[in-house]
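Just so it is clear, none of the values below were taken in a lab; they were calculated from the coordinates. All of these numbers come straight from a predicted model, not from anything done at the bench. Cβ: placed from backbone, ideal geometry, glycine included. Neighbour counts: every protein chain shown.
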Amino acid sequence: MKSKKDNSRPGHRRRTFSRGVAAAWPICLGYLPIGLAFGVLAQKAGLSPLQIGLMSIFVFAGSSQFIAVSMLAAGASLLSIVATTFVVNLRHFLMSSALAVFLKNTDRKKLSFFAYGVTDESFAVNLSKFRDSQWDLNSALVTNYTANFTWIITTVIGAIGGQFIPAHAFGIDYALIAMFICLLVFQIRGFIYVITAVIAGICAVFLSMLIPGNSYIVIASMAAAAIGVVLKKKTGWGEGR
Amino acid sequence: MVSTEYLAVILGMGMVTFLPRWLPLIYLTKRSLPSWLVEWLDFIPAAILSAILLPALVTDSATRSLDLGRPEFIVAIPTFVFAILTKSLGGTVIVGMVLFGLTQKFLSF
């Protein structure tokens, strides 16, 4: 369809909404098996669908929710669960920082609502969209909350009757990996980004085998980005991108 | 029903998850950043996506050991090529899923 300029508010709103939802579908597809699996697991660990739904609403961070459930089942203390969650989700600090570059002087209230929905997946999708320049915070909010809604619903469905759903059909377990592959390709805008990504990946692989938890993500990417900056200075690669 | 202990756990979890997501967005969007920081942040997406992705492809998450023969890694190669050639997010997701679904089918026999 021809995209003619449409400044009328209802039309504009509708477009913002549909763009946001459209950008979220790979995330939703990927959340489906993980959300169901989480619901099943949490229910087996003794949590009710209501408890599971509340955790998905308050926390909205997949891997730390899995960890928290296993810690709850093992009778861990509140403090150790919260501390573990903090460390596991610290990587979002880097993601929000990278997103902040594109969100100069925007409405604080909207930014706070946006911050709630920053996950690995929404970060990757929104960042490549922001670079397109056609993207705005409203569409990004729709993307985040579509993904959030999917997460909450699928975890609760998993808790209620997940064991009856064939969660591993159609290669759906690979949806998020495939999405990350393509979004990584979008981030490669020159040779120096290839070098940075390769360094980050290899560092992450070896660190992940050496240190427990997922802090390898933060350490490897911070170090690789620093090497990228130094290489850019020293070599001049990627100056005129 | 939901006990207060459980509510305290998820509220605590929610708070320590929200703060690292929120602080940079509120703090960094308000001021002009030094150029080295902007340059560094420019490399973060490529670095962080690769740091999430590669261990998921070539290591066994349970044993934390290197294994280059995992179907996740083998399927990733044609998926990568498809992504580079088409630059299509939807297409890449579908192709990756179909290829991975096929390997699962063959492995289960």
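Okay, here's what the table says:
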item: Sites B:Thr63 and B:Ser32 - FRET efficiency at Förster radius 45 Å, r taken between beta-carbons, to 0.05; result: 0.45
item: Span-like helix ranges in chain A, DSSP H, alpha carbon extent 24 angstrom or more, Kyte mean at least 0.0; result: A:9-44, A:137-161, A:191-210, A:215-235
item: Förster radius 41 Å - calculated FRET efficiency between B:Ser88 and A:Lys104 (Cβ-Cβ, nearest 0.05); result: 0.85
item: Separation of alpha-carbon centers, the range A:169-189 and the range B:1-20, rounded to whole Å; result: 31
item: Residue-span extension gain [A:Ser133 to A:Phe191] - 0.36 nm each, minus C-alpha spacing; result: 18.6 nm
item: Helix-only CD estimate at 222 nm, as mean residue ellipticity for chain A, using -39500 (n - 2.57) per DSSP H run (n ≥ 4); result: -24500 deg cm²/dmol
item: FRET efficiency, A:Lys44 to A:Phe17 (Cβ-Cβ, R0 35 Å, nearest 0.05); result: 0.40
item: Qualifying trypsin sites (Lys or Arg not before Pro) in the range A:73-108, DSSP loop, other Cβ atoms within 10 Å at most 16; result: A:Lys104
item: Shape of the protein assembly as shown, Cα gyration tensor, a/c cut at 1.5; result: rounded
item: Over chain A, relative contact order from alpha-carbon pairs under 8 Å, at least 6 apart, %; result: 32
item: GNM flexibility winner over chain A from A:Leu94, A:Leu79, A:Leu111 (Cα, springs under 10 Å); result: A:Leu79
item: Sparse-neighbourhood loop sites, trypsin sites (Lys or Arg not before Pro) in the range B:16-109 - DSSP loop, at most 16 other Cβ within 10 angstrom; result: B:Lys30, B:Arg31, B:Arg64, B:Lys87
item: Highest-MSF residue in chain A out of A:Met209, A:Met71, A:Met95 [GNM, Cα springs under 10 Å]; result: A:Met209
item: Shape of the range B:1-100, Cα gyration tensor, a/c cut at 1.5; result: oblate
